[in-house]
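All remarks here apply to the structure that follows.
None of the figures in this text is laboratory data; all of them are computed from the coordinates on show. Just so we're clear, the structure is a prediction, and the values are computed from it rather than from any experiment. Here the Cβ positions follow ideal geometry from the backbone for every residue, glycine too, while neighbour counts run over all protein chains shown.
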Amino acid sequence: MTDARETATEALPAPVPLLDPREGIPPVTASPEALADVVAAFAAGSGPVAVDAERASGYRYGQRAYLVQLRRAGAGTALIDPVACPDLSALSAALDGTEWVLHAATQDLPCLDEAGMRPTSLFDTELAGRLAGFARVGLGAMVENVLGYALEKGHSAVDWSTRPLPEPWLRYAALDVELLVDLRDALEEELRAQGKLEWALQEFAAIAAAPPPPPRVDPWRRTSGMHKVRRRRQLAVVRELWNLRDRIARERDVSPGRVLTDAAIVTASLEATPNAHALAALPGFGHRMGRRQLEQWQAAIDHARSLPERDLPQPGPAYAGPPPPRAWADKDPAAAARLSAARAAVSALAEQLNLPQENLVTPDTVRRLCWAPPRDHGPESVAAFLQEAGARPWQVELTTPILTAALAAAPSA
C-alpha cells in the first residue's frame, strides 16, 4: 500500500510559487447579464467544475457566501458576487450532472445551498487527503505536497463582505480554484493506488445526498465558558443575554461576538449585577458601551432573575446517548470493557489502513454500540447497527469484524 505522506513529498521538487491564475483575474460577476454569460460559459465547459465560497465569519451574522469562485475547462474562472446575484439556481441547473470539486465540502455546501447551488455529485479534496493518509490536509498543504505549487496565503480570514473587494483578495480567491481539478485528479490516482477509491466515492455520495442539518436545540448552551455556570438562575441569565445578543446581531448583520463576547455573557451570569452601573464595571461591558446599551443588557439580566422556578432552564440539555465514558467504569463495567476493546481495535485498524480513526468509524457510533449493543452481539446485528448509525458500506465491511470481537470482551450486564 502506498504511503501518501512519504511519496507525495519525495517525488516533487521544492514548491513553485503560483502568483497568478493562468488567464488572469476575471472581473467580478455582479449583474444579471454578466451572470447569464457565466451560466452559458460553464454549461458549455467540459469535465469537473472546481467550486469554492468565501464567507465573512467573525464579521457578519450567519454563514452566507460573499464570493463564489468556479473554474472549469473550456469556461475558465468566474468570480461571482452572491450579494449582487443572490439567486444562482440557473448556474446550478447548468451544472446538473457535473461533478463538483470542493475542498472541505461540508463547510461550503450550506452557504452555496442558500444561494441556490447544490451538487448532484462531488469530489472533496480534503476528505480524499484524509483517506489517503496525508498528515496535513489544508488546501495550501495539499497543493504543495501533491502538485508542488505554493498558493498565496494571508487573506483567508478577511471580511469578504467588503465592497469593492481588493485585487489581492480576488487573486487569492481565484487561486483557490485554479488547481482544484488537478489536485482532484492526482488524489484519485493516489486513492486508486491505495485501494481506497471506492471508499472515497461512497463518502462523497453520502455528502452530496445529505439533507441540511436540523436547527440546533438550545444553541445558547454552546456559549464558550459554560462549564463555569452551574446554577439554573445563572443559566437563565446566559440564555437571556445570548438571545438578546443574537437578535441584535441579526438586525445589525454583524457577528454576535462583535456585539457581546461569550466571556462577557458568562461573567454577567456569575456576577448578578444589581444595576447598569455595576454592569459597566464588568469586562466586556464598560468599554465604548453607551448607557442605553447597558440598560438593555441589565434588563435582560433582571428578567432572567425574576423568572419563576418552573421557567428556569435545566442544568443540561436532554441527551439520549450514553453517559461520558469516564463514568462507564462505575455505571457499567462491562460496557467500559467493551469500549476499551473497541477503541483499541479501531485504532489498530486505522493505523494499518493509514487513515484517521474518525474516518473509519465515528467515535459516537462506537460509544453507542458499546453502551447498548445488539442483544445477540453477532456480526449481522452489529452490521445492521452500523448501517442504522449512518456508516457507509465500506466502513461496515471493515469494522463489523473488529467491533463484533470487541463486544465479546466482557459479558453483558
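Observations on the model:
- Unit charges at the beta carbon, dipole of the chain: most positive-side option, His277, Trp199, Ala174: His277
- Scattering curve values for region 188-335, log₁₀ I(q)/I(0), Debye with Cα scatterers, q = 0.12, 0.13 Å⁻¹: -0.68, -0.73
- Subtracting the Cα-Cα distance of Ala327 and Ala43 from their residue separation scaled by 0.36 nm leaves 96.6 nm.
- Scanning residues 5 or more positions from Leu122 or on other chains, those with amide H under 5 Å from its amide H are Trp100, with H placed 1.01 Å from N in the peptide plane.
- Loop-located trypsin sites (Lys or Arg not before Pro) in region 187-264 (DSSP state other than H, G, I, E, B) with a sparse environment of at most 15 neighbouring Cβ atoms within 10 Å: Arg216, Arg230, Arg231.
- Multiplying the residue separation of His303 and Ser31 by 0.36 nm and subtracting their alpha-carbon distance yields 93.2 nm.
- Anisotropy class assigned to region 25-138 is oblate, per the alpha carbon gyration tensor with a/c at or over the 1.5 cut-off and a/b no larger than b/c.
- Of the chymotrypsin sites (Phe, Trp or Tyr not before Pro) found in region 292-336, those that fall in a DSSP loop while having at most 11 other beta-carbon atoms within 10 Å are Tyr319.
- Under 18 Å from a label point set 7 Å out along the Cα-to-Cβ vector of Ser89, the amide N atoms of region 25-58 belong to 32-33, 35-36, 39-40.
- Every Cα-Cα pair of the chain was included, and the share exceeding 28 Å stands at 61 percent.
- Protection-proxy order for peptides 103-113, 284-294, each taking the mean of Cβ atoms within 10 Å per residue, highest first: 103-113, 284-294
- Inter-label distance for Gln107 and Asp246, nm, one decimal - labels placed 7 Å from Cα along Cα-to-Cβ: 2.4
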